[in-house]
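**Student:** This is the structure, below, for whatever I ask next.
The values are calculated or read from the model by the stated rules, or taken from the named source; none is laboratory data. Only a predicted model underlies this, so the values are computations on that prediction, with no experimental measurement involved. Glycine also receives a Cβ, built like all others from the backbone with ideal geometry; neighbour counts cover every protein chain displayed. Keep in mind that these areas ignore ligands, DNA and RNA; they rest on the heavy atoms of the full protein, side chains included. Shrake-Rupley method; radii C 1.70, N 1.55, O 1.52, S 1.80 Å.
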Amino acid sequence: MTDYSIPRPVSGDVVDLILDDHRLFETLLREMRDSTADRAGARAAFADVLVAHGEAEEQEVYPRLRRRTEDVGEHEVEHGEEEHAEINEALLALLECVGTDTQKFDDAVERMNEVLQHHLTEEELTILNPAREDVSDDDRAQLGQKFLAARSEQLDQGCGSVENVQRLVDEARKEGLLGEDEETSEG
Ligand SMILES: [Fe+2]
Ligand SMILES: [Fe+2]
């Protein structure tokens with residue numbers, strides 16, 4: 001049985017911590033693509049760490065970087081939140097798959113791969129690079145601690161449950177972060 005327990009560091013540089021999670025997402029995505037892996041186990045861990053990470057970024061990292069570096073502005077923050085909403089929508093579809101050996105599951109993994117890789121690339125280029133260049137080591141360590149505290153709190157609350165992800169998607173839709181038109185047309 002594969003161990004998909006989620007690491008819970010308590011301190012670190014916020015940029016490194018975020019990158020570590022991004023690498024973990026990629027590992028778990030690879031597991032979900034592998035028909036011989038425990039895909040349901042990988043999915044459960046993926047949902048928890050993905051939601052905890054995104055919520056912690058929105059609560060503790062994006063707003064503070066906005067104040068600390070000129071290159072992270074309103075546009076970058078809002079764009080990041082829109083992409084988190086899209087990712088949560090893709091996650092909901094993935095969680096709603098009953099079986100993991102179905103075409104529906106494969107399609108949901110493929111869609112997740114698409115939206116997540118796009119977001120990770122953009123976040124690393126437009127948010128983490130300015131943080132690397134403009135934010136001091138001390139501030140990055142402080143941000144790291146805040147990020148981890150928020151992330152832990154989310155994990156303790158079972159943030160990757162289908163109910164919670166549904167709630168996040170509903171909220172995002174109300175806030176206008178998700179387009180009304182369903183872009184996930186069949187096929
Ligand atoms: Fe991230
Ligand atoms: Fe993000």
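**Student:** Among the numbered conditions (1) free of Cβ contacts under 8 Å to residues at least 40 places away in the same chain; (2) under 20 Å from Glu58 (Cα atoms); (3) exposed (fewer than 15 other Cβ atoms within 10 Å of the Cβ), tell me where Asp134 comes up short.
**Tutor:** (1)
**Student:** What are the residue pairs meeting all of these: first residue in segment 48-68, first residue under 23 Å from Leu28 (Cβ atoms), second residue of a type in the set (D, E, K, R) and at pLDDT 90 or above, Cβ atoms under 7 Å, and 6 or more apart or on different chains?
**Tutor:** Val49/Asp21; Ala52/Arg151; His53/Asp21; His53/Arg151; Ala56/Arg151; Glu58/Glu81; Glu60/Lys146
**Student:** Hey, does segment 103-117 have a residue that's surrounded by fewer than 18 Cβ atoms within 10 Å (Cβ to Cβ), assigned to a loop (DSSP other than H, G, I, E, B) and either away from ligand 1 (no atom under 16 Å from the Cβ) or aromatic (Phe, Trp, Tyr) (or both)?
**Tutor:** No: segment 103-117 contains no residue that is surrounded by fewer than 18 Cβ atoms within 10 Å (Cβ to Cβ), assigned to a loop (DSSP other than H, G, I, E, B) and either away from ligand 1 (no atom under 16 Å from the Cβ) or aromatic (Phe, Trp, Tyr) (or both).
**Student:** Between a first residue in segment 105-123 that is under 13 Å from Leu28 (Cα atoms) and a second residue that is within 13 Å of ligand 1 (Cβ to nearest atom), which pairs have beta carbons less than 7 Å apart while being 6 or more apart in sequence or on different chains?
**Tutor:** Pairs that qualify, where the first residue is under 13 Å from Leu28 (Cα atoms) and the partner is within 13 Å of ligand 1 (Cβ to nearest atom), are Leu116/Phe25; Leu116/Ile87.
**Student:** Tell me which residues, restricted to segment 36-71, are away from ligand 2 (no atom under 15 Å from the Cβ), modelled with pLDDT under 95 and open to solvent by 30 Å² or more (accessible area, probe 1.4 Å).
**Tutor:** Arg67, Arg68, Glu70, Asp71
**Student:** Under the condition of being within 13 Å of ligand 1 (Cβ to nearest atom) and open to solvent by less than 40 Å² (accessible area, probe 1.4 Å), which residue from segment 78-87 is farthest from Glu124 (Cα to Cα)?
**Tutor:** It comes out as Ile87.
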